[in-house]
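Nothing in this text is a laboratory measurement; each read-out follows from the coordinates by a stated rule. Predicted model, so just to flag it, every value in this text is computed and none were measured. Virtual Cβ from ideal backbone geometry, glycine too; neighbours counted across all protein chains shown.
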Amino acid sequence: MLTINNLHASIDGKEILRGLNLQVNPGEVHAIMGPNGSGKSTTASVLAGKPEYEITGGEIIFQGENLNGMAPENRAAEGIFLAFQYPVEIKGVSNINFLKTAVNEIRAYHGLEPMPAKEFLNRIKEKQELVQFSNDLAKRSLNEGFSGGEKKRNEIFQLAMLEPKLAILDETDSGLDIDALRIVAHGVNSLRSKDNAFIIITHYQRLLEYIEPDFVHVLYNGRIVKSGTKELALELEEKGYDWLKSESRDYITA
Amino acid sequence: MKDNNEVIDTLLDSSYEFGFSTDIETDVAPVGLDENTVRFISDQKDEPEWLLEWRLTAYHHFMKLAQKDMPGWQHFDMPDLDFQSMSYYAAPKSKPLLDSLDQVDPELLATFAKLGIPLTEQKMLAGVAVDVIFDSVSVTTTYKAKLKELGILFCSFGEAVQEYPELVRKYLGSVVPATDNIFAALNSAVCSDGSFVYIPKGVRCPMELSTYFRINAINTGQFERTLIIADEGSYVSYLEGCTAPQRDENQLHGAVVELIALKDAEIKYSTVQNWYPGDADGKGGIYNFVTKRGICKGSNAKISWTQVETGSAITWKYPSIILKGDYSTGEFYSVAVVKNKQMADTGTKIYHLGSHTKSRIISKGISAGVAQNTYRGLVHVGKNAKHTRNFTQCDSLLIGDKCGLHTYPYIESRNSTAQLEHEATTSRIGEDQIFYLNQRGIDNEKAVALIVNGYAMEVLKQLPMEFAVEAQKLLAISMEGSVG
Ligand SMILES: Nc1ncnc2c1ncn2[C@@H]1O[C@H](COP(=O)(O)OP(=O)(O)OP(=O)(O)O)[C@@H](O)[C@H]1O
Ligand SMILES: [Mg+2]
């Protein structure tokens, strides 16, 4: 589904990603961990096509297509979804109206008519229940005045509404209380299928107890320095990143 | 990396949807302005002597003002207006009978259909009574009979002069005197048609009343006159919409609107203004120099102005409210959008003369391209006006980095018991906001439209339902091509 080959990306002339490789197949869940500033959000932004980032080398192939140069809205329509680490607030735009626009724009991209109002409302209701997102929040302006945790849950609500092929969750767990964490994990687990995939960026092993990953990667200094299965997350929780840092230094200079 | 200005430039280039003109034979007054022009107009409309006299007085006042310099305090360069090179009256030749749509020139009906004006019987059922002003003449007033049953008078200004001369004579010029400013003087001299509304005591007008203005004939000014009187304890909501064809030369629109709310009455006046704004280089477009003022004459009266201004090359207007009656309320809600080389200098003046009067001003300015947008407002509190309150909020939204937004909130308070609050914000559409929406499958243009509509929501929600939807679409259209 997704193949990242030797990806180099920079922002404002500063290289952040330095030879990233990753292969994600349908049905898989990948966790990406790594110290602050290692390039996790950058990876997510570059996948989503944030215009400030420049790809200086390598390629991203999504469903057989090179993403380089594809507009972010088209990537979204092709099925890439990013649950933001810091979701923005947009005043006066109701959540529902925003979602309706998103759903119908993506449909238009695929040559489909706008979703009938009734179907849309049913979908809203169903997904709201799935992630236990209150009516009150759904009707309010997009993230305006939402608490940190509420914003994160709104990201998952949107994820559920848009049913992407590849969902990237950037630290969706930070700021969530224990119940919310379970709800979010339950939502993600019920959306999992053999046709879609997840990349879950997190600092904590706890989320991975609820959403079981097939692979765990450690990103350091703009590249993946170690990959393993879910046991790796436990190991990291115990040992921190220092042992990897020294290992990767050898790796980089090698 | 995308260059922002590049994006802005390519997208700014969207066209005016209503820029067609209609091929209809018109009776046009000879170009130029003198006493005979005024007499010609008055004669065309079979007016009584007193009205001709009133016009002539206004004309002489105008001529005096026209000798002097034009006003210079506005935040744009006053264009050279050659009052002698335009025509002051144009009427479609086949003048229809007022009540019968069957007799309207089919071309005219086709024009209105293109504009989406509810003229047909079916659409009339939608529940909006419409008066349509085409160039200088009122073409049809729908629903008139039904309103009349309630004692509501809704007709063209010309008809009101014939049918209800006492009311017209009593109130015409009582809020905006002919001497108010040069454009009010000109309007008083040459005003052609417009709408007239009278709501009797205690009556709540059961439907939205609406006027649609269209300038069609080439090289004519449109000077309509609107007079709305809400008698004690009555209520009316009135909507005004407008369009003009796309022409290379500038056309002048110099309307005067007067609102009179007696004791316990309420008038809600909404405008969606989308006159032709000119092309990207600033060629053509309407000069929209309008005087609008209302008075809350009795106690506990209320007037609210809501305006969505997206058109015109230059918009220059300050819908104002005189709060004379104690406990009366005035509200001004405005969204003004300018792009390309458009200029808007708009706001309100609120005069708190009665005690315990309240006012609220919400202004949302949006500027894109190299356009200039100015909010200019005055809150005046008279010496004897005790315990008055005003809340003013002026928000500015910039799109791109070549445009300008300015706010001039003036306060004149002569009474120390007044509570005046002012808030102002300036923001830009954030790249993060656009990217967030992009990431959900929404392209730049729609993203900006969504953000702008959200930004303007506080004002848009003041509009009656049917209009709010139109206004949202209009905002989206006018934002086409202005991404930051
Ligand atoms: N505009 C910029 N100019 C220079 N450096 C930048 C810019 N934007 C981001 N960076 C740097 O890129 C690096 C990677 O940032 P990124 O947000 O991807 O980290 P992260 O792995 O997501 O960290 P965290 O765990 O704290 O969320 C950081 O060192 C950050 O300071
Ligand atoms: Mg991050």
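Results, tabulated for the structure shown:
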| item | result |
| --- | --- |
| Amide hydrogen neighbours beyond the local backbone of residue B:312, cut-off 5 Å, H modeled | B:275, B:276, B:286 |
| The stretch B:224-347: radius of gyration over Cα atoms, expressed as a fraction of 2.2 N^0.38 Å | 1.14 |
| Of B:433, B:369, B:447, farthest towards positive along the dipole that unit charges on Lys, Arg, Asp, Glu beta carbons give the stretch B:367-475 | B:369 |
| Ranked B:31, B:308, B:176, criterion: other C-beta atoms within 10 Å, fewest first | B:31, B:176, B:308 |
| GNM top mover of A:122, A:97, A:143 - chain A, alpha-carbon springs below 10 Å | A:122 |
| Globularity index of the stretch A:14-139, i.e. its alpha-carbon radius of gyration over 2.2 N^0.38 Å | 1.24 |
| For the stretch B:345-461, alpha-carbon Rg relative to the globular expectation (2.2 N^0.38 Å, N residues) | 1.31 |
| Residue exposure sequence - B:446, A:14, A:239 - by fewest surrounding Cβ within 10 Å | A:14, A:239, B:446 |
| Residues with amide H under 5 Å from that of residue B:386, placed H, sequence gap 5 or more | B:355, B:356 |
| Value of Rg/Rh across the stretch A:2-253 [Cα atoms, Kirkwood radius] | 0.96 |
| Under 5 Å, built H, 5+ apart or other chain: amide partners of residue A:34 | A:219 |
| Candidates A:116, A:26, A:35, ranked by Gaussian network fluctuation over chain A, Cα under 10 Å, top entry | A:116 |
| Convex hull projection area averaged over all views, the stretch A:92-241, Cα basis, nm² | 10.4 |
| For A:20-28, mean number of other protein chain Cβ atoms within 10 Å | 0 |
| Cα point-scatterer Debye curve for the stretch B:293-342, base-10 log of I(q)/I(0) at q = 0.14, 0.20, 0.26, 0.30 Å⁻¹ | -0.44, -0.68, -0.90, -1.06 |
| The stretch A:2-253 - share of DSSP beta bridges that are antiparallel (%, nearest 5) | 60 |
| In nm, spacing of pseudo-spin labels at residue A:177 and residue B:427 (7 Å Cα→C-beta vector) | 2.8 |
| Cβ charges +1 (Lys, Arg) and -1 (Asp, Glu), total dipole of the stretch A:2-253, debye | 360 |
